[in-house]
Amino acid sequence: MTLLAVERIKLFSTRSPWWCMALAVTLTVGMAALIAANTNDEFPLSVGVSQSFSNFGMIVIMVMAALAVTTEYRFGTIRATFLAVPGRVQALIAKTVVVAVLAGVIGEVVAFGSWGISTLIKPNADMAINSSVEWRNVAGTGLVFALSAVLAVAVGTLVRQTAGAVAILLVYALLVESLIGLIPKIGVNIQEWMPFMHANNFLTADSAALPEGAGPPRLDFPFGPWGSLAYFAAISVGLLVVALAVAKKRDA
Amino acid sequence: MDQVTLLAVERIKLFSTRSPWWCMALAMVITIGMAAVIAANTDERFPLSVPVSQGFTNFGMVVIMVMAALAVTTEYRFGTIRSTFLAAPDRVRPLLAKTTVVALLSALVGEVIAFGSWGIGRLIKPDADMALNSAAEWRNVAGTGLVFAFAAVLAVAVGILVRQTAAAVAILLVYTMLLENLIGIIPTIGPKIQRWLIGRNSDHFLTAGNESFISEGGGADQPFGPWGSLAYYAAVCVGFLVVALVVAKRRDA
Amino acid sequence: MIEAAGLTKHYGPTVAVDDLSFTVEAGRVTGFLGPNGAGKSTTMRMILGLDTPNKGQALIDGKRYSELKRPLGTVGALLDAKWVHPNRSARSHLRWLAKSNHISDKRVDEVLEMVGLTAVAKRNAGGFSLGMAQRLGIAGALLGDPKVLLFDEPVNGLDPEGIVWIRQFMHRLAADGRTVLVSSHLLSEMAQTAHELIVIGKGKLIAQTSTEQFIKDATEDNVRVRSPHAVKLRELLAGSATVTSDEVDGALVVHGLDPASIGDLAAANGIVLHELSPQRGSLEAAFMQLTKESVEYHAAES
């Protein structure tokens, strides 16, 4: 518990997490408002449509999570941390937990904020969250944000350099996973096992109300939505375990 | 110092650290490697063609953008930008020299990637129709260097404006790979905005008239033809650079 | 007490620390002396469990650093004053450190007071001068009121006032019965700070001895004598002292007799002296002599 408090103090006593959180919330919710305002009979507003910008928030939160580790390496405070907590693993787990919980909260704020502002703007649209699909699409966002943050902390711990970690995370999540689909035949088979595809599958599976091109590509996922979430969680936590093992062995 | 000396200075600076080499190697190896994987998996239903061989070049471009941004932000991080400005006090010329060196290098990497991807496709599927025999196909392959060069100019400009590595890299990557696509989700006006976004225009320059199973080669809604799109793209990138240079000149170093 | 036994660290083919053994006793300031690149920082990092030695181990009061329950309560260290987040306030920096070892916020304010940073506690550490950053680092080392303290080059870049302050501070800590290990590449600084010296070069132990003894051994007293009857004087001195000739002007350099005895001897034999001057070797010259072999990079002779 003490270590959680330590990491909370560390995270909140610098500016960049505040910036990232503010950016993730305002831009995502703002874009949801813009989308809602432009819906019409041809493109009707729905719960799914209100959530279509949440990927942006997720990416910003991943940057925040990676920075939480890489700035410690950059400024040498990781050594001060390891002097105070020589076990290292507990300290890094505490950091991961704090960052993941925060990411989860931001995810919920982003999701319900987007939904709420859309409801306000188009009071007549069918925005009731009355199916498990819709609940998953909105309330599930926090889980996806939290697990993405775990993945980002793991990559940050492994790479240690800000530029490297941020570039790897963003290029992978935003570009590689979709470009892989260009490979004829096997591309989609590979995509069906890629972690962010599963994160998207968890959020949007069975959700019919997405405009063309906004959802995940038509993939034949090996799991249902909750299986996809478990798979995404397993990959994130697995990478974290590797990162912790490396950090424990490596000279600080 | 004259401009030739400044170019030499920037060349030395760039090549005497490791990260540009890593970025260039990564951009070339992964892009060409993926072109090989794509080519190896083509068949009658998904036939290999010139545009298909170029399907992964965007990956190379974003890596080169990271390299270009780092070329500036690392100077701010390590304080060497001050030494640079002490050696050439007008500031604009050393920054222009840096932009030139980075842009030329990016163009070169772009051409290597484009022709490398094309060449490896030909090697793997010698029977595929890979002849470069239309202006559109030439543009698709040889134009890659131009797109890379202006992408690098934009990245240098953002690097100068933002100065911080993490922020510059995040802004560039999130904008290029995510925002440009997400904007399209906004009903009715989204696609209209998208037409004017730079990535859409650089894509149109490369892919117009090159239809394949990976892209329609369309862009009929685009406001300009392929070369007009390139000009527009270049103008926005250079415009950002001008703003960045003005800011750098006025700001305390 | 700190005990290092056979500490060895390689970085690829480079040997940074080579089979290094020493002990640091409580109740006095022990200087850790060596030229730049001798392996002082690496050794301190191995003592503190930041780097893993390839061979050997370092124990603090009989335990490895990683076995300490509340490490900051046992060991305080200032390795690099820049190890703070520039956008975090001095107080926040100390608060998270304190929290991690169950140390109260009251203690944070105490150590800030101790090092004289109370007035700037809310300011971001990135804006601190080097002297203030060093004080913040020392405050961090003192948080847990530890019995053992390690300082890596604490006076580097400080103004004279700061140097005196740190020196007195370390003496006070040692007088309380604490173990204090402080590294430096300047013998003149250590001569005024340390009671005991551990001298290393190229990762190897050169000497562990009291500072007084080290200086005595390192700076032998010689007497320069010039006389028109040098040959005769040399014969007379040969029995009781070592005599060499200065290569430049032919003066005699006498080792083993004080100037008074030499003067008496000359007068008794009717020898005229043109010069009789005691020569005290400089500390730095002696140190350079001792570590000459082990300096990593030499400046080119001009």
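In the set A:Ala146, A:Ala125, A:Ala139, only one residue is crowded, with 22+ Cβ neighbours inside 10 Å and either under 18 Å from A:Ser46 (Cα atoms) or not polar (S, T, N, Q) (or both); that residue is A:Ala146. Screening the range C:125-201 for helices (runs of 4 or more DSSP H) wholly inside it with 3 or more residues that are open to solvent by 50 Å² or more (accessible area, probe 1.4 Å) and assigned by TED's automatic domain parsing to the domain that holds C:Arg70 returns the ranges C:160-175. Test B:Arg139 against the criterion of being touching an Asp or Glu at 6+ places or on another chain (Cβ under 8 Å) and either within 11 Å of chain A (Cβ to nearest Cβ) or open to solvent by 10 Å² or more (accessible area, probe 1.4 Å) (or both), and give yes or no. Considered against the rule, which asks whether it is touching an Asp or Glu at 6+ places or on another chain (Cβ under 8 Å) and either within 11 Å of chain A (Cβ to nearest Cβ) or open to solvent by 10 Å² or more (accessible area, probe 1.4 Å) (or both), B:Arg139 comes out as no. Does A:Leu120 satisfy being in a helix (DSSP H, G or I), open to solvent by 20 Å² or more (accessible area, probe 1.4 Å) and over 20 Å from A:Thr39 (Cβ atoms)? No; evaluated as a whole, the condition is false for this residue.
Please find, among A:Ile61, A:Ile78, A:Ile35, the residue that is in contact (Cβ under 8 Å) with a residue 40 or more places away in the chain, open to solvent by less than 10 Å² (accessible area, probe 1.4 Å) and at the interface with chain C (Cβ under 9 Å from one of its Cβ atoms). Just one listed residue meets the conditions, A:Ile78. In the range A:234-252, the qualifying residues are those that are part of a helix (DSSP H, G or I), within 14 Å of chain C (Cβ to nearest Cβ) and in contact (Cβ under 8 Å) with a residue 60 or more places away in the chain, and the one that is farthest from A:Ile93 (Cα to Cα) is A:Val246. The conditions of being modelled with pLDDT of 95 or more, closer than 23 Å to B:Ile189 by Cα, more than 10 Å from chain C (Cβ to nearest Cβ) and open to solvent by less than 30 Å² (accessible area, probe 1.4 Å) are not met by A:Ser46. Scanning the range B:201-228 for residues that are in a helix (DSSP H, G or I) and within 14 Å of chain A (Cβ to nearest Cβ), which turns out surrounded by the most Cβ atoms within 10 Å (Cβ to Cβ)? Among them, the one singled out is B:Thr207.
Can you pull out the residues in the range C:66-98 that are of a type in the set (D, E, K, R), facing chain A (nearest Cβ under 7 Å) and assigned to a loop (DSSP other than H, G, I, E, B)?
Going residue by residue through the range C:66-98, those that are of a type in the set (D, E, K, R) are C:67, C:69-70, C:80, C:82, C:88, C:91, C:95.
Now drop any that are not facing chain A (nearest Cβ under 7 Å), which leaves C:80, C:82, C:88, C:95.
Within the range C:66-98, C:Asp80, C:Lys82, C:Arg88 qualify.
Of all the listed residues (C:Asn36, C:Asn54), the sole one being surrounded by fewer than 14 Cβ atoms within 10 Å (Cβ to Cβ) and farther than 30 Å from C:Arg123 by Cβ is C:Asn36.
Filter the range B:1-27 for residues that are under 26 Å from A:Val188 (Cβ atoms) and open to solvent by 50 Å² or more (accessible area, probe 1.4 Å) and give the result. Correct list: B:Leu26 only. Of the residues contained in the range B:43-61, one or more are found to be more than 9 Å from every other protein chain (Cβ to nearest Cβ), closer than 30 Å to B:Val158 by Cα and not in a helix (DSSP H, G or I). Checked against the criterion of being among the hydrophobic types (A, V, I, L, M, F, W, C), at pLDDT below 95, in a helix (DSSP H, G or I) and within 17 Å of B:Val153 (Cβ to Cβ), the candidates B:Ala235, B:Ala231, B:Ala248 yield just one match: B:Ala248.
Given the structure, is A:Val144 in a helix (DSSP H, G or I) and at pLDDT 95 or above? For A:Val144, the condition - in a helix (DSSP H, G or I) and at pLDDT 95 or above - is met. Once the range C:44-61 is narrowed to residues that are more than 9 Å from chain A (Cβ to nearest Cβ) and touching a residue at least 60 places away in the same chain (Cβ under 8 Å), the residue that is farthest from the chain's Cα centre (by Cα) is C:Asp61. Taking the range C:99-124 as the range and being outside any helix (DSSP H, G or I), open to solvent by 20 Å² or more (accessible area, probe 1.4 Å) and within 24 Å of A:Ser16 (Cβ to Cβ) as the test, the residues that pass are C:Lys122, C:Arg123, C:Asn124. Taking residues in the range B:190-214 that are under 25 Å from B:Phe46 (Cα atoms), and partners anywhere that are surrounded by fewer than 19 Cβ atoms within 10 Å (Cβ to Cβ) and of a type in the set (Asp, Glu), the pairs with Cβ atoms closer than 8 Å and at least 6 places apart or on different chains are B:Arg200/B:Glu180. Of all residue pairs spaced 6 or more apart or on separate chains, those with beta-carbon atoms under 7 Å, a first member in the range A:1-17 that is within 8 Å of another protein chain (Cβ to nearest Cβ) and a second member that is surrounded by fewer than 18 Cβ atoms within 10 Å (Cβ to Cβ) are A:Thr2/C:His102; A:Leu3/A:Gln90; A:Thr14/C:Asn87; A:Arg15/C:Asn87.
Among the residues of the range A:36-76, those that are charged (D, E, K, R) and part of a loop (DSSP other than H, G, I, E, B) comprise A:Asp41, A:Glu42. Scanning the range A:180-192 for residues that are surrounded by fewer than 23 Cβ atoms within 10 Å (Cβ to Cβ) and touching a helix residue (DSSP H, G or I) at 6+ places or on another chain (Cβ under 8 Å) returns A:Ile180, A:Gly181, A:Leu182, A:Pro184, A:Gly187, A:Val188, A:Ile190, A:Gln191.
The values are calculated or read from the model by the stated rules, or taken from the named source; none is laboratory data. Given the structure is predicted, the values throughout are model-derived calculations rather than measurements. Positions of Cβ are backbone-derived with ideal geometry, glycine not excepted, and every protein chain shown enters the neighbour counts. Side chains are part of the model used for accessible areas, which takes the heavy atoms of the whole protein and leaves out ligands, DNA and RNA. Shrake-Rupley method; radii C 1.70, N 1.55, O 1.52, S 1.80 Å.
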